[in-house]
1. For Gly148, which of the numbered conditions (1) part of a loop (DSSP other than H, G, I, E, B); (2) in contact with a Phe, Trp or Tyr (Cβ under 9 Å, 6 or more places away or on another chain); (3) more than 16 Å from the ligand (Cβ to nearest atom) fails to hold?
2. Filtering the stretch 73-93 down to residues that are open to solvent by less than 20 Å² (accessible area, probe 1.4 Å), farther than 19 Å from Glu240 by Cα and part of a strand (DSSP E or B), which residue is farthest from the ligand (Cβ to nearest atom)?
3. Take Gln121 and decide whether it is of a type outside the set (A, V, I, L, M) and more than 15 Å from the ligand (Cβ to nearest atom).
4. Which of the following residues is within 16 Å of the ligand (Cβ to nearest atom) and modelled with pLDDT of 95 or more: Leu96, Leu37, Leu112, Leu44?
5. Regarding Leu223, is this residue over 18 Å from the mean Cα position of the chain (by Cα), at pLDDT 95 or above and open to solvent by less than 50 Å² (accessible area, probe 1.4 Å)?
6. Given the options Asn173, Asn107, name the one that is in the same structural domain as Val53 (by TED's automatic domain parsing), over 30 Å from Glu261 (Cα atoms) and modelled with pLDDT under 95.
7. Which count do you get for residues in the stretch 1-39 that are in a helix (DSSP H, G or I), open to solvent by 30 Å² or more (accessible area, probe 1.4 Å) and more than 18 Å from His253 (Cα to Cα)?
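The values are calculated or read from the model by the stated rules, or taken from the named source; none is laboratory data. Just so you know, these numbers come straight off a predicted model, no measurement behind them. In this analysis, Cβ positions are derived from the backbone assuming ideal geometry, glycine residues included, and neighbour counts consider all displayed protein chains. For accessibility, only protein heavy atoms count, side chains too; no ligands or nucleic acids. Shrake-Rupley method; radii C 1.70, N 1.55, O 1.52, S 1.80 Å.
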Amino acid sequence: MAKLTIKDITPAFGAEISGLEPKVPLDAETCAQLRTLFDERSLLVFRDVDIDVQFQTYLSNMLIGDDASVPDDLPIMKDFYVSNEKPKSAAPFGRLMYHSDSQWAKNWCYALSLYGEKVEQPSAPTMFVSSIVGWDTLPEHLRKRAEGHFVIHQHDPETYQKRAAGDPNVLLNDLKASEDSDPQPIVLTHPRTGRKLLYISQQMTRNVEGMSEQESDELLGLLFDHLYDKNKEMAHHWREGDLVVWDNIALQHARPNVQSEGPARTLRKTIAPPPKVGAVKSLNYSKVGAAA
Ligand SMILES: [Fe+2]
């Protein structure tokens, strides 16, 4: 077993790891160490690693507890990129506000990963905040106001664009809930770690159920001010060969503006557990071992 060197990135979350030898599967001791670290720190960074999509998928699924000895049946999402230069990529340009992927959906994404395949400088960072820290540090009077309430999350790309174009703290309540929107508790218990967290986001949360628009806006505004305090943010500045894996329930991510004509920024993405085949349009799927 290779000895891993671990360095905290911020006091509250994030760990940079060196010394990992990427292979499928990893030995049991390394898996156990990385899983524990992932649950404690919510985000792992590996720099200067040369990995394929199979390893990236395997690692992400292993970290959320899926059987590490897998992976014959593990679906691989090929050609899934966040990129301003590759055709048919996700989020090719623009700014993204803080959110957890699929926050509006019935089936959650537990872990996300991005791998720096082509990164020209200066490159827009990916920003992170911890929803667990958001809850842990929330003043008592706001805890009392938030607990027991449910919110509706919005899955509407137009909403994202409108919000991202203006003041990030402006709440838009004039849009209809999509079919996929489902009430979710503001204070969520993490399904794996049991830790409480604020499961609301500036990009996706539309309103608090059972409150007037004014009440809902006021409460969400106060919670967002707390969650997105600049002192609680972490920026990951991309280089080629960076692998970042994070807990999509515990953390939220965002990014400043990316220009379509700007420096190449091509990040290969995986979702764990993998969505059902066909659930995400324009992706190619294959099985581990079969993908080139
Ligand atoms: Fe996202």
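1. Every condition holds for Gly148 apart from (2).
2. Selected residue: Ile76.
3. Numbers: of a type outside the set (A, V, I, L, M): yes; more than 15 Å from the ligand (Cβ to nearest atom): yes.
Against the criterion (of a type outside the set (A, V, I, L, M) and more than 15 Å from the ligand (Cβ to nearest atom)), Gln121 qualifies.
4. Numbers: Leu96 fails: modelled with pLDDT of 95 or more; Leu37 fails: within 16 Å of the ligand (Cβ to nearest atom); Leu44 fails: within 16 Å of the ligand (Cβ to nearest atom).
Testing whether each residue is within 16 Å of the ligand (Cβ to nearest atom) and modelled with pLDDT of 95 or more leaves just Leu112.
5. Numbers: over 18 Å from the mean Cα position of the chain (by Cα): yes; at pLDDT 95 or above: yes; open to solvent by less than 50 Å² (accessible area, probe 1.4 Å): yes.
Here the answer is yes, as Leu223 does meet what is asked.
6. Values: Asn173 fails: in the same structural domain as Val53 (by TED's automatic domain parsing).
Only one candidate qualifies: Asn107.
7. Keep residues of the stretch 1-39 that are in a helix (DSSP H, G or I), which gives 28-39.
This time we only want the ones that are open to solvent by 30 Å² or more (accessible area, probe 1.4 Å), so: 28-29, 32-33, 35-36, 39.
If we keep only those that are more than 18 Å from His253 (Cα to Cα) too, we end up with 28-29, 32-33, 35-36.
Going through the stretch 1-39 one residue at a time, the tally reaches 6.
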